[in-house]
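> Here it is, the structure in full.
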Amino acid sequence: MNKDLLSILDLSAADLDHLISEAVNLKMLRKAGRPHEFLKGKALAMVFEKASTRTRISFETGMYELGGHALFLNPGDLQIGRGEEIRDTARVMSRYVAGIMIRAYHHEHIEEFARWSEVPVINGLSDREHPCQIVADLMTIREHFGSLSGLKVAWIGDGNNVCNSFVLASALAGYTITVASPDRFRPPADIVDRALGAGGKVTLIRDPGDAVADADVVVTDTWVSMGEEKEKGERLKAFSGYTVTSALMQKADPEAIFLHCLPAHRGQEVADEVIEGEQSLVFDEAENRLHTQKALLVKLLGREIGEKYSGTT
Ligand code: CP
Ligand code: NVA
């Protein structure tokens with residue numbers, strides 16, 4: 001496995017499969033109340049340029065449950081906020097902590113951190129991708145259907161950071177993905193090309209009804225991501241007709257599930273009756289952030305879980 005997780009394609013298909021299996025193991029250990037302090041004595045620095053509920057709490061709780069420690073760092077409180085260069089900050093942090101997680105406006109800043117950091121760097125969301133979210137989503141889908149290969153995923157709405165990771169991961173997990181969005185909100189061409197080049201199966205269309213036809217998984221996200229607030233009026237207008245409603249869900253396979261990374265905006269990208277409905281797995285999906293974060297942390301910051309089981313029994 002690569003040193004860092006900046007893009008979901010930093011994982012191989014085998015890495016992704018293994019990570020999900022380890023997350024399932026960690027979920028069982030936690031539910032059985034069995035200790036799993038695989039990262040005792042290790043610290044994770046978490047730099048958040050943007051707000052977060054799930055990512056912050058799952059990483060922080062995850063490190064705690066693994067016996068380690070997480071530092072929540074607001075860039076405004078670091079010298080980086082006063083102009084200290086990323087290359088210096090990254091090298092200094094590497095001398096203190098076992099890993100660094102960053103949520104940033106610019107993907108290039110996370111790449112620059114990774115270039116200079118001697119310890120693993122994890123993308124906790126950028127303008128390009130949200131790889132940690134997708135690992136949790138794929139775990140949720142695999143738990144439900146038993147496998148990922150051959151499934152039909154329909155992404156409805158904005159071709160944003162989360163969508164990009166979903167599109168790229170199709171090359172690792174063997175599902176097909178159809179993205180329905182207005183032309184100017186499609187996932188970027190270079191993302192789609194990368195996914196196709198790596199063996200992904202991606203189709204871009206306009207009509208949400210066509211995208212969900214016989215889909216196994218219907219997924220959406222906010223129409224206004226963090227940092228795009230100035231475009232809110234224009235975006236709400238452009239996405240009219242892209243709400244995931246019960247009528248839209250009825251066009252999907254009767255056994256289809258609904259996913260959303262959250263936070264959700266009821267009445268915009270999703271109707272209340274869908275997110276609260278029986279097909280919605282959004283809270284299992286949110287819970288799986290914790291288990292997948294822990295699997296990722298153990299993988300990047302520690303040793304293989306298998307090697308450590310002996311110490312827990
Ligand atoms: N889904 C997700 O990343 O949520 P937060 O923004 O609350 O971390
Ligand atoms: N696309 C959203 C995801 C939030 C978890 C954003 O970037 O704001």
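The values are calculated or read from the model by the stated rules, or taken from the named source; none is laboratory data. None of these values were measured; they are calculated from a predicted model. Cβ coordinates were reconstructed from backbone atoms using ideal geometry, including for glycine residues, and neighbour counts include every protein chain displayed. For accessibility, only protein heavy atoms count, side chains too; no ligands or nucleic acids. Shrake-Rupley method; radii C 1.70, N 1.55, O 1.52, S 1.80 Å.
> How long is the stretch 124-201 along each principal axis, judged by its Cα atoms, biggest number first, in Å?
35, 25, 22
> Now for a different question. How far is helix 282-301 tilted off the main Cα axis of the chain, in degrees rounded to 10, range 0 to 90?
Tilt relative to the chain: about 30 degrees.
> Can I ask one more? Return the single residue from GLU231, GLU49, GLU22 with maximal mean-square fluctuation; model: Gaussian network over the chain, springs between Cα atoms under 10 Å.
Comparing GLU231, GLU49, GLU22 in the GNM, the peak value goes to GLU231.
> Using a probe of 1.4 angstrom, how much of the accessible area of the chain is carbon and sulfur, in percent? Could the numbers behind the result be given before it?
Numbers: 6450 of 13160 Å².
Here carbon and sulfur together make up 49 percent of the probe-accessible area.
> Could I ask something else about it? Could you work out how far helix 161-173 tilts from the main Cα principal axis of the chain, as a 0 to 90 degree angle to the nearest 10?
For 161-173 against the chain, the angle is about 90 degrees.
> Same structure again: When 1/r is averaged over all different Cα pairs and the result inverted, which Kirkwood radius in Å belongs to the chain?
Hydrodynamic radius (Kirkwood, Cα pairs) of the chain is 19.8 Å.
> At a threshold of 8 angstrom on Cα-Cα distance, excluding pairs fewer than six apart, so keeping six or more, what relative contact order does the stretch 179-236 reach in percent?
Details: 33 pairs, mean separation 18.6, N = 58.
Reported as a whole number, the value is 32 percent.
> Which value at 222 nm does the chain reach when only helices count, each DSSP H run of 4 or more adding -39,500 (n - 2.57), with the total divided by all residues and rounded to the nearest 500 deg cm²/dmol?
Calculated from helices alone, the mean residue ellipticity at 222 nm is -12500 deg cm²/dmol.
> Which residue, ALA256, LEU66, PRO131, has the largest displacement toward the positive end of the dipole of the chain when charges sit on each Cβ (Lys, Arg +1; Asp, Glu -1)?
The listed residue farthest towards the positive side: LEU66.
> What percent does the relative contact order of the chain come to when contacts are Cα pairs within less than 8 Å and at least six residues apart? Don't skip to the end; give the middle numbers.
On the way: 625 pairs, mean separation 62.1, N = 313.
Rounded, it is 20 percent for the chain.
> Semi-axes of the equivalent ellipsoid of the stretch 5-79: what are they in whole Å, largest first, if each equals the square root of 5 times a C-alpha gyration tensor eigenvalue? Working shown, then result.
Numbers: eigenvalues 116, 68, 24 Å².
Taking √(5λ) for each Cα gyration eigenvalue gives 24, 18, 11 Å.
> Normalized C-alpha radius of gyration of the stretch 45-171, against 2.2 N^0.38 Å? Could you put the intermediate results ahead of the total?
Working: Rg = 16.1 Å, N = 127, 2.2 N^0.38 = 13.9 Å.
Compared with the compact-globule rule of thumb, the stretch 45-171 sits at 1.16.
> Counting pairwise Cα distances across the stretch 118-163, what percent come out greater than 15 angstrom?
Numbers: 587 of 1035 pairs.
Of the Cα pairs, 57 percent sit more than 15 Å apart.
> Can you give me the accessible area per residue for the stretch 172-313, using a 1.4 Å probe, in Å²?
Numbers: 6370 Å² over 142 residues.
Accessible area per residue: 45 Å².
> Suppose every Lys and Arg Cβ carries +1 and every Asp and Glu Cβ carries -1, with no other charges. What dipole size does the chain come out with about its Cα centre, to the nearest 20 debye? Display every interim value, and only then the final one.
Working: 35 positive and 46 negative charges, 166 e Å.
Roughly 800 debye for the chain.
> Here's something else I'd like to know. How many percent of Cα pairs in the stretch 107-260 exceed 23 Å?
37 percent
> Evaluate the distance, in nm, between pseudo-label points positioned 7 Å from the Cα of SER147 and of ILE205 along their respective Cα→Cβ axes.
About 2.5 nm, to one decimal.
> So for the stretch 211-264, averaging the separation of alpha carbon pairs under 8 Å that are six or more residues apart and normalising by length, what relative contact order in percent results? Write down the numbers at each step before the final one.
Values: 50 pairs, mean separation 34.1, N = 54.
In percent, rounded to a whole number, it is 63.
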